Amino acid sequence: MEKRELTCIGCPLGCAITVTMESGEIVGITGHTCKRGEEYARKEVTNPTRIVTSIVKVEGGKIPMVSVKTKSDIPKNKIFDVVRGLKNVTVKAPVHIGDVIVSDIADTGVAVVATKNVDIL
């Protein structure tokens, strides 16, 4: 029997959750105080995902970079592929919050969107 100890990130409480597994199957989840904790723990041990935040270059903008994030979570093992995929991306000003910067990053099916406005220089 394997036990995995997690700190939940589903809400601000940060519950200490224990997931008990046997033969790769979840047999018990304890320590969560809300349903989000159980859902987080189940997902974290079977298919962990993350939102990725980064920056990309802006051409002709009042500032040289714009913050971006994946529109939804991506498989955890794709994080470095996403970051590498953004390395050489440059967008032209103006940029608005929510603008799609890359429509399908690293073959995840997930878009990368701007999280800041950047006006023209």
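Only the coordinates and a few stated rules stand behind these numbers; no lab work does. Keep in mind that what you see is a predicted model, and the values were worked out from it rather than measured. FYI the Cβ positions are ideal-geometry reconstructions off the backbone, even for glycines, and counts take in every protein chain you see.
Key figures for this structure:
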{"read-out": "Over the chain: Rg over Rh, Cα atoms, Kirkwood Rh", "value": "1.14"}
{"read-out": "Stretch gain in nm, segment ILE63-THR7, where the contour uses 0.36 nm per residue and the Cα spacing is subtracted", "value": "16.5 nm"}
{"read-out": "Estimated dipole of the chain in Debye, rounded to 20 [Cβ of Lys and Arg +1, of Asp and Glu -1, Cα centre]", "value": "400 debye"}
{"read-out": "The chain - percent relative contact order, Cα under 8 Å, separation 6 or more", "value": "20 percent"}
{"read-out": "Dipole magnitude (debye, nearest 20) for segment 34-76, charges at Cβ of Lys, Arg, Asp, Glu", "value": "60 debye"}
{"read-out": "Residue-span extension gain [ASP104 to ALA16] - 0.36 nm each, minus C-alpha spacing", "value": "28.2 nm"}
{"read-out": "Positive-pole candidate from HIS32, VAL118, ALA16, dipole of the chain, charges at beta carbon", "value": "VAL118"}
{"read-out": "Qualifying lysines (Cα of each under 24 Å from Cα of LYS92; at least 8 residues distant if same chain)", "value": "LYS57, LYS62, LYS69, LYS71, LYS116"}
{"read-out": "222 nm mean residue ellipticity, helices alone, for the chain (DSSP H n ≥ 4; -39,500 (n - 2.57); rounded to 500)", "value": "-5000 deg cm²/dmol"}
{"read-out": "Kirkwood Rh and Cα Rg combined as Rg/Rh, segment 62-121", "value": "0.98"}
{"read-out": "Segment 1-61 - percent relative contact order, Cα under 8 Å, separation 6 or more", "value": "26 percent"}
{"read-out": "Net charge, VAL82 excluded, C-beta distance under 14 Å - Lys, Arg +1, Asp, Glu -1", "value": "+3"}
{"read-out": "Rounded to 5, percent antiparallel among DSSP beta bridges of the chain", "value": "90 percent"}
{"read-out": "Using a Förster distance of 35 Å, the FRET efficiency for ILE26-ILE55 (Cβ separation, nearest 0.05)", "value": "0.40"}
{"read-out": "Calculated FRET value between LYS43 and HIS96, using beta carbons and R₀ = 35 Å, to 0.05", "value": "0.65"}
